[in-house]
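Step one of this worksheet: look at the structure below.
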Amino acid sequence: MTSITLSLAWLADNAPSVYTSASAAGVPALMTIRDGKLWLYTITSACGCGLIVLSPGSVLQRFGMPDSVTQAIGPVMGFIGADKLQEIVLGFITCRTNR
């Protein structure tokens, strides 16, 4: 099998995760472009949200949630944004380690 065939087979098997990540990356990218922020901020925000959303999407799929639910997580986390997600995670870690 060629690498293109293998890549397309992988993409077909993991389509919900790809859609979830793409929608999570697209929303903050469009929002930062609309706000007129720097391209570096746009790219890092989009990549950050796209990568952060892969874990919850996969966990929900593993627990048996339908693909439509996992795909809805992407835009929700995209609207929250990478900065706010970072604050939430750091707040949770700080809360757990200060006890």
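All of the numbers you see were taken from the coordinates with simple rules; none came from a lab. These numbers come from a predicted model, not from an experiment.
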Problem - Karplus-derived 3J(HN,Hα), 6.51/-1.76/1.60, for each residue of region 76-91, Hz, glycine and proline x - result: 4, 5, x, 5, 5, x, 5, 5, 5, 4, 5, 4, 5, 5, 5, x
Handout entry: Calculated P(r) of the chain - Cα pairs past 23 Å, %
Key = 37 percent
Completion exercise
Extension length gain for residue 94 and residue 63 (0.36 nm per residue less Cα distance), in nm, is 8.4 nm
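Output the relative contact order of the chain, whole-number percent, from Cα pairs under 8 angstrom with separation of 6+ residues.
It rounds to 34 percent for the chain.
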Completion exercise
Only helices counted: for the chain, with every DSSP H run of 4 or more residues adding -39500 (n - 2.57) and the sum spread over all residues, [θ] at 222 nm is -28000 deg cm²/dmol
